[in-house]
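What follows is a set of notes on a single structure, which appears directly below.
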Amino acid sequence: MDKKRILVPGGAGYIGAHTVAALAAAGVETVVVDNLSTGFLEALPPEARFYQGDIRDKDFLDSVFEKERIHGVIHFAAFSQVGESMADPLKYYDNNLHGTRVLLSAMVDHGVKHIVFSSTAAVYGEPRHIPIQEGDPTEPTNAYGATKLAMENMMAWCARAYGLSYVSLRYFNACGAQKGGAIGEAHNPETHLIPLILQVPNGQRSHICIFGTDYPTRDGTCLRDYIHVMDLAQAHLLAMEYLLSGGKSDVFNLGNGVGFTVKEVIAAAEAVVGQKIPAQEAPRRPGDPAQLVASSQKARAILGWEPHHSGIEEILQDAWAWHRSHPRGYQSCARR
Ligand code: UFG
């Protein structure tokens with residue numbers, strides 16, 4: 001990807017910022033567009049050029065495409081909270097689907113042909129079998145997943161009509177942080193399991209709630225495929241290289257292919273932080289499938305992707321290094 005310039009909408013968010021860091025480390029020129037509604041300027045490396053604005057603003061996007069010669073887009077700009085998407089689906093259709101529509105029209109207008117974008121395991125809904133493969137039925141059980149599936153479909157039609165090529169990356173449970181703890185996960189409010197567990201040893205919460213203990217899993221708690229954010233970041237680079245070298249549009253799962261239950265993640269976190277983490281059993285969280293585990297054979301075979309940080313201990317160590325050194329997230333997070 002030498003001498004290529006990549007536009008990264010949503011590049012100041014969690015997975016976006018880790019991907020921008022990986023692009024910068026690989027010497028790729030990066031132009032980040034973010035409205036900073038959920039992202040943080042502090043998460044960006046000095047090499048990244050930054051434009052603050054909203055992808056739903058076509059004039060703004062046109063001005064960026066005019067100033068920068070863009071070769072490809074890695075698109076992260078979207079809302080991603082399942083619960084919020086059920087309470088306010090129109091907010092999700094507006095930002096995720098309408099925002100992507102405006103972005104695609106700007107790409108078409110400016111002759112930019114390649115896009116890699118964030119999709120999710122939530123497009124599958126309740127899986128029929130484990131591990132989940134890309135050809136399995138897509139029946140989202142929440143509005144967030146429905147908007148991501150609609151984005152995938154919109155890409156497919158645009159690829160046919162305008163000669164775009166796209167890769168959709170369906171992440172399973174993104175977690176961990178860049179080595180060294182300079183950037184990491186910071187959501188406001190936080191809803192994800194690992195950051196919430198680590199708030200206990202950080203003195204920010206007395207205990208973790210376990211949402212449901214009567215699932216059909218080995219210990220009754222939900223089982224998930226936790227994938228290190230730096231492994232996800234690497235997949236975006238490989239996917240963009242694949243498109244730039246003529247690869248055809250496609251959809252890929254990204255996970256380790258191994259599931260851990262909520263209780264197992266808590267036990268692993270206790271071992272990493274070296275203290276007991278009190279847990280309380282609570283009712284099921286509506287909409288949670290019992291198990292989500294990816295088959296990522298396709299990403300391995302076609303993109304040459306290989307997770308390098310797949311141990312749950314390593315994931316928790318990296319997450320802990322970030323949360324311990326940034327108990328209130330980024331500076332702007334702390335000011336809120
Ligand atoms: N959980 C708890 N206690 C908590 C928080 C979470 O027990 O305080 C449980 C959840 O019920 C779930 C597991 O921990 O079983 C993981 O929950 P997360 O909220 O961390 O992640 P999800 O699996 O719900 O969400 C992930 C992605 C979403 C995606 C979804 C697909 O973060 O973007 O998978 O279902 F939509």
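The values are calculated or read from the model by the stated rules, or taken from the named source; none is laboratory data. Nothing here was measured: the structure is a model prediction, and the numbers come from that model. Glycine gets a Cβ as well: all are built from the backbone with ideal geometry, and neighbour counts include every protein chain shown. The protein model used for the area step is the full one, side chains on, heavy atoms only, and it has no ligands, DNA or RNA in it. Shrake-Rupley method; radii C 1.70, N 1.55, O 1.52, S 1.80 Å.
Structure values in brief
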| read-out | value |
| --- | --- |
| Residue in segment 125-143 that is part of a helix (DSSP H, G or I), in contact with an Asp or Glu (Cβ under 8 Å, 6 or more places away or on another chain), surrounded by 20 or more Cβ atoms within 10 Å (Cβ to Cβ) and at pLDDT 95 or above present | no |
| Every residue from segment 239-257 that is aliphatic (A, V, I, L, M) and within 16 Å of the ligand (Cβ to nearest atom) | Val251, Leu254 |
| Matching option when the condition is more than 19 Å from Tyr242 (Cα to Cα), without any contact (Cβ under 8 Å) to a residue 40 or more places away in the chain and out of contact with any strand residue (DSSP E or B) (no Cβ under 6 Å at 6 or more places or on another chain), among Lys3, Lys91 | Lys91 |
| Some residue of segment 238-249 being of a type in the set (D, E, K, R) and either touching a Leu at 6+ places or on another chain (Cβ under 6 Å) or open to solvent by 10 Å² or more (accessible area, probe 1.4 Å) (or both) | yes |
| Qualifying residue in segment 175-183 (condition: within 28 Å of Ala87 (Cβ to Cβ) and within 14 Å of the ligand (Cβ to nearest atom)) | yes |
| Test: residue in segment 270-282 that is within 25 Å of Arg205 (Cβ to Cβ) and in contact with a Gly (Cβ under 8 Å, 6 or more places away or on another chain) | yes |
| Any hit, segment 110-119, residues being farther than 30 Å from Pro289 by Cα, assigned to a strand (DSSP E or B) and in contact with a helix residue (DSSP H, G or I) (Cβ under 7 Å, 6 or more places away or on another chain) | yes |
| Matching option when the condition is out of contact with any Cys (no Cβ under 8 Å at 6 or more places or on another chain) and surrounded by fewer than 22 Cβ atoms within 10 Å (Cβ to Cβ), among Gly212, Gly255, Gly181 | Gly181 |
| Strands (runs of 3 or more DSSP E) wholly inside segment 1-105 that include at least 2 residues being more than 16 Å from the chain's Cα centre (by Cα) | 5-9, 29-34, 49-52 |
| Any hit, segment 230-238, residues being more than 12 Å from the ligand (Cβ to nearest atom) and more than 17 Å from the chain's Cα centre (by Cα) | no |
| The listed residue being within 11 Å of the ligand (Cβ to nearest atom) and charged (D, E, K, R), out of Arg224, Arg218 | Arg224 |
| Residues being away from the ligand (no atom under 13 Å from the Cβ) and either open to solvent by 70 Å² or more (accessible area, probe 1.4 Å) or modelled with pLDDT under 95 (or both) - total across segment 258-290 | 4 |
| Qualifying position, being open to solvent by 10 Å² or more (accessible area, probe 1.4 Å), out of contact with any strand residue (DSSP E or B) (no Cβ under 6 Å at 6 or more places or on another chain), under 28 Å from Ser245 (Cβ atoms) and of a type in the set (Lys, Arg), among Lys67, Lys58 | Lys67 |
| Selected residue [in a helix (DSSP H, G or I) and either within 15 Å of the ligand (Cβ to nearest atom) or open to solvent by 30 Å² or more (accessible area, probe 1.4 Å) (or both)] from Asn202, Asn188, Asn153 | Asn153 |
| Entirely in segment 239-336, the helices (runs of 4 or more DSSP H) that have 1 or more residues that are of a type in the set (D, E, K, R) and touching a residue at least 40 places away in the same chain (Cβ under 8 Å) | 262-273, 312-325 |
| Flag for Thr217 being farther than 27 Å from Ala77 by Cα and either modelled with pLDDT of 95 or more or surrounded by fewer than 21 Cβ atoms within 10 Å (Cβ to Cβ) (or both) | yes |
| Residue match in segment 154-171 (condition: under 19 Å from Asp225 (Cβ atoms) and in contact with a Pro (Cβ under 6 Å, 6 or more places away or on another chain)) | no |
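Residue-by-condition table, conditions (1) farther than 24 Å from Val73 by Cβ; (2) within 16 Å of the ligand (Cβ to nearest atom):
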residue: Gly83; (1), (2): yes, yes
residue: Lys91; (1), (2): no, yes
residue: Asp94; (1), (2): no, no
residue: Ala106; (1), (2): no, no
residue: Asn142; (1), (2): yes, yes
residue: Thr147; (1), (2): no, yes
residue: Ser165; (1), (2): no, no
